[in-house]
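Computed from the coordinates by the stated procedures, all read-outs in this text should not be read as laboratory data. As the structure is a prediction and not an experimental result, all values here were calculated from the model. Cβ placement follows ideal geometry from the backbone for every residue including glycine, while neighbour counts extend to all protein chains displayed.
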């Protein structure tokens with residue numbers, strides 16, 4: 001990162017998608033970020049956030065301050081937790097004031113964000129990097145988490161500075177596949193990677209759609225969890241980006257606080273996927289899995305949807321971030337028929353039935369998932 005290349009205090013920013021201009025972001029005097037579609041995109045594009053930003057020729061202004069004045073779909077591009085920590089450390093390392101605008105932060109993401117949206121001017125790092133020993137990277141991540149100096153700060157920022165989630169991670173390409181590889185946070189067991197891998201295998205066995213997962217080698221633990229990115233695709237030897245939106249981004253929801261019920265997630269799935277039976281059933285399976293496998297960090301940013309240009313519509317993304325977890329308040333971040341503390345089976349069924357599923361199908365799926373989880377994950381429960 002060259003300090004002289006960065007012009008802080010951006011007031012406007014271009015949003016792009018496959019080298020096409022989607023529209024323009026502009027900082028208002030009230031601290032919110034307005035958005036308007038480009039006229040060509042209005043003729044040939046799609047609504048990048050169907051509820052908040054319908055395909056209309058107007059200036060949109062958020063009616064909230066949840067995402068530092070941004071609409072949720074653009075906040076999805078920003079790193080949070082680990083990625084934001086890396087960025088702030090990088091800015092400090094290069095004597096750049098971390099008290100920058102949200103548009104500056106999007107420019108620092110540039111072309112490297114999750115999903116397909118890109119931002120111009122692009123201040124992101126583009127240098128090639130060589131993948132290093134995983135145990136060594138895990139050690140360097142711990143140093144950064146403990147606010148110590150790490151000589152690999154630049155490397156880790158290049159590899160994971162655009163990522164979300166609390167755990168340290170890198171985004172890298174291996175054998176022509178784009179992977180997310182996670183390392184333990186300071187509060188995690190050193191075997192958290194092995195645990196998440198077992199959870200992913202159990203979820204797949206439970207009928208939940210996920211991308212390929214594996215354990216990457218280590219000499220100090222059972223391995224580091226990796227999952228293939230679902231917002232990237234290789235077609236005809238060309239890497240393609242897929243437009244992605246989290247439930248939090250679509251609903252302008254504050255994912256850091258309990259703000260949603262699975263009734264809402266099921267309804268969102270029905271609307272976006274146009275009543276796709278497989279998608280509705282898979283969301284129901286995820287609810288069952290999270291309840292029985294004790295994944296209580298099931299917040300609104302841990303559910304996503306992908307836009308498919310070929311069918312000109314939305315589909316449910318593969319599942320991710322499935323592992324044993326608690327919250328500081330001890331409840332599910334997404335409640336089940338109003339119950340976040342200890343959801344019962346009748347409440348699980350109520351969510352499925354209200355979403356239009358047959359009760360007997362809900363019972364069958366629920367019992368299947370429960371049996372698999374209690375058998376395969378009994379060492380964690």
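Some points to look at:
- Beta bridges by DSSP in the chain, antiparallel share as percent, to the nearest 5: 95
- For the stretch 243-376: span of alpha carbons on each principal axis (Å, largest first): 40, 35, 26
- Peptides 70-76, 28-34, 300-306 ranked from most to least packed by the mean count of surrounding Cβ atoms within 10 Å: 70-76, 300-306, 28-34.
- Binned Cα-Cα distances of the stretch 182-294, short to long, each 5 Å bin given as a whole percent: 2, 10, 14, 16, 20, 19, 11, 5, 2, 0
- Approximate spin-label separation residue 59-residue 341, in nm, with each point projected 7 Å along Cα-to-Cβ: 4.9
- Principal axis analysis of the Cα atoms in the stretch 134-228 yields extents of 43, 29, 24 Å, listed in decreasing size.
- Förster radius 25 Å - calculated FRET efficiency between residue 80 and residue 233, Cβ distance, rounded to 0.05: 0.55
- Amide N of the stretch 275-314 lying under 18 Å from the label point, which is placed 7 angstrom from the Cα of residue 353 along Cα→Cβ: 281, 284-285, 288
- Across q = 0.09, 0.12 Å⁻¹, the chain modelled as identical point scatterers on its alpha-carbon atoms has Debye log10 I(q)/I(0) values of -0.53, -0.97, in the order of the q list.
- Of the peptides 11-19, 353-361, the ranking by mean beta-carbon count within 10 Å, highest at the top, reads 11-19, 353-361.
- Note: relative contact order over the chain, using C-alpha pairs below 8 Å and six or more positions apart, is 13 percent.
- Compactness index (Cα Rg / 2.2 N^0.38 Å), the stretch 3-120: 1.06
- For the peptides 104-115, 80-91, residues were scored by their other Cβ atoms within 10 Å and the scores averaged per peptide; the highest-first order is 104-115, 80-91.
- Label-to-label distance, residue 374 versus residue 175, with points set 7 angstrom from Cα along the beta-carbon direction: 3.7 nm.
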